[in-house]
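Chemist: One structure, pasted below without further comment.
The values are calculated or read from the model by the stated rules, or taken from the named source; none is laboratory data. All values derive from a computational prediction rather than experimental measurement. Cβ: placed from backbone, ideal geometry, glycine included. Neighbour counts: every protein chain shown. Ligands, DNA and RNA are stripped out before the accessible areas are found, and what is left, the full protein with its side chains, is counted by its heavy atoms. Shrake-Rupley method; radii C 1.70, N 1.55, O 1.52, S 1.80 Å.
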Amino acid sequence: MKISILTIFPEFFRSPLEQSLLAKAIAAGTLEVELVDIRKFSKDKHNSVDDEPYGGGGGMVMKIEPLYDALSYVLYSSETKKRRILLTSAAGKPYNHPLAVKYSLLEHLIIVCGRYKGVDERLNRLFDLEEVSIGDYVINGGETAALVILESVFRLLPGSIGKIECAISDSFADELLGPPVWTRPAEFMGYSVPQVMLDGNHSQIEGFRRFQSLARTWQNRPDLLRRANLADVDRAMLERITSGEDFDG
Ligand code: SAM
C-alpha cells in the first residue's frame with residue numbers, strides 16, 4: 001500500500017517512520033510512504049502557503065494554489081484508481097475502526113494535513129475529498145492526525161504486525177474493547193495475575209477474555225454495546241456483569 005502525506009512539515013514524520021514496525025514495513029516494501037512538501041509547490045518569491053482570511057477574524061488560511069498543485073502532482077503520479085483523498089479536519093466525520101478497515105483495503109491513501117485556521121474551502125470543491133476528524137478537540141495541525149490514520153491503517157495490512165491474532169484481538173476489531181493483558185511476574189506488590197491466565201486452559205482463557213472485554217466495554221464505552229453483534233453467550237455474560245459480578249476473575 002502507498003500512503004502519500006501532503007504537509008508543510010515533512011520532517012514531522014521522519015522519526016515515526018524510522019522506528020519499529022513502520023520502518024520494517026517500509027524496508028520490506030509492504031508500505032510505501034510519500035511525503036509531499038506543499039511549500040515546494042508555492043510559486044511566489046517567499047514560498048508562502050498561507051494568507052489572511054477573507055472576512056477577517058484573525059489567523060491565516062492555507063492557500064489554494066500550492067495545495068491544488070501538490071494534490072494534482074500526487075494524483076498524476078498515482079498508479080491506481082483504488083485510492084481515496086482524506087483531508088484532516090476537526091470538522092470532519094469521526095475517524096474510527098470501520099474507516100481504518102475501509103482505507104486499509106485501498107492501494108493508495110492520500111492524506112492532506114491542514115494548518116493554521118484550515119485550508120481554503122475550494123479544495124473540497126475541486127477534489128473528491130473525505131474530511132476526517134480524529135476526535136472532538138482541536139490540534140495544531142493535521143500531521144498528528146495523519147500519523148494516527150497511518151498507524152491505524154498500517155496495523156490492518158497483512159503481515160504488518162507479525163501475528164494476525166494480535167490485530168484481531170485489539171479493541172474495536174469485533175466492536176468491543178480489548179481485554180486486559182498481563183506478563184511475568186505472576187505476582188507483583190501483592191497483585192496476582194488471575195489464576196485462569198496461568199492454568200493454560202485455552203477455552204477458559206477465551207471465556208475469561210470475552211467476559212473482560214464485555215465488562216470493560218460496559219464500563220468505558222456502553223455506546224459500543226448498543227451497536228455490537230452479541231451472541232447469546234455474550235448476553236448471558238453481560239447480565240452477570242451488570243448484576244455486579246466481580247470482573248477480576
Ligand atoms: N479552525 C479549525 C476548526 O475550527 O475546525 C481548526 C484548525 S486547526 C488549528 C489546524 C489544522 O489541524 C486543521 O486544518 C486540521 O488539518 C488539523 N486538525 C485540528 N484538529 C483536528 C482533528 N480533531 N482531527 C483532524 N485534524 C485536525
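Chemist: How big is region 155-241 on each of its three principal axes, counting only the C-alpha atoms and giving the largest first in Å?
Modeler: 38, 38, 24
Chemist: Another question, then. Tell me, Kirkwood radius of the chain from alpha-carbon pair distances, in Å?
Modeler: Its Kirkwood hydrodynamic radius stands at 20.9 Å.
Chemist: Another question about this same structure. Any idea of the accessible area per residue across region 101-177, 1.4 Å probe, to the nearest Å²?
Modeler: I get 52 Å² per residue for region 101-177.
Chemist: Follow-up. Largest first and in whole Å, what are the equivalent-ellipsoid semi-axes of region 145-185 based on the Cα gyration tensor, each being the root of 5 times an eigenvalue?
Modeler: Equivalent ellipsoid semi-axes, largest first: 20, 13, 12 Å.
Chemist: Taking only Cα atoms and a 10 Å spring cutoff, compute GNM fluctuations for the chain and point out the largest among LEU99, LEU225, LEU22.
Modeler: LEU225
Chemist: For region 1-62, state which GluC sites (Glu not before Pro) are in a DSSP loop and have at most 16 other beta carbons lying within 10 Å of their beta carbon.
Modeler: Hits after loop and neighbour filter: GLU18.
Chemist: May I pose another question? So which chymotrypsin sites (Phe, Trp or Tyr not before Pro) in region 116-181 pass both tests, a DSSP loop state and at most 10 other Cβ atoms within 10 Å of the Cβ? If you can, show how the numbers build up before the last one.
Modeler: On the way: sites: TYR116, PHE127, TYR137, PHE154, PHE172; in loops: TYR116, PHE127, TYR137, PHE172.
Those that pass, being in a loop and sparsely packed, are TYR137.
Chemist: Follow-up. Can you compute the equivalent ellipsoid semi-axes for region 176-216, i.e. the square root of 5 times each eigenvalue of the Cα gyration tensor, sorted largest first and rounded to whole Å?
Modeler: 19, 13, 7
Chemist: Could you tell me how far the Cα centroid of region 14-67 sits from the Cα centroid of region 209-249, in Å?
Modeler: After rounding, the separation between the Cα centres reads 43 Å.
Chemist: Across region 14-27, in residue order, what do the Karplus-derived ³J(HN,Hα) couplings come to in whole Hz, using 6.51 cos²θ - 1.76 cosθ + 1.60 with θ = phi - 60° and x for Gly and Pro?
Modeler: The phi angles translate into 4, 4, x, 6, 9, 10, 6, 5, 5, 4, 4, 5, 5, 5 Hz.
Chemist: For region 17-94, run through the chymotrypsin sites (Phe, Trp or Tyr not before Pro) and keep only the ones in DSSP coil with at most 16 other Cβ atoms within 10 Å of their Cβ.
Modeler: Passing both the DSSP loop test and the Cβ count: TYR54.
Chemist: Still on this structure, I have one more. Using R₀ = 51 Å, calculate the FRET efficiency as 1/(1 + (r/R₀)^6) where r is the Cβ-Cβ separation of VAL196 and LYS45; round to 0.05.
Modeler: Calculated transfer efficiency: 0.15.
Chemist: Taking a cut-off of 12 Å between Cα atoms, list the aspartates and glutamates near LYS82, but don't count ones fewer than 8 places away on the same chain.
Modeler: Once the sequence-local aspartates and glutamates are set aside, what remains near LYS82 is GLU107.
Chemist: Ok, one more. Which entries in LYS63/LYS102; LYS2/LYS81; LYS24/LYS93; LYS40/LYS102; LYS24/LYS163; LYS93/LYS117 show an alpha-carbon gap greater than 22 Å? It would help to have the intermediate numbers written out before the result.
Modeler: Values: LYS63/LYS102 30 Å; LYS2/LYS81 12 Å; LYS24/LYS93 31 Å; LYS40/LYS102 31 Å; LYS24/LYS163 15 Å; LYS93/LYS117 18 Å.
In this structure, LYS63/LYS102; LYS24/LYS93; LYS40/LYS102 lie more than 22 Å apart at Cα.
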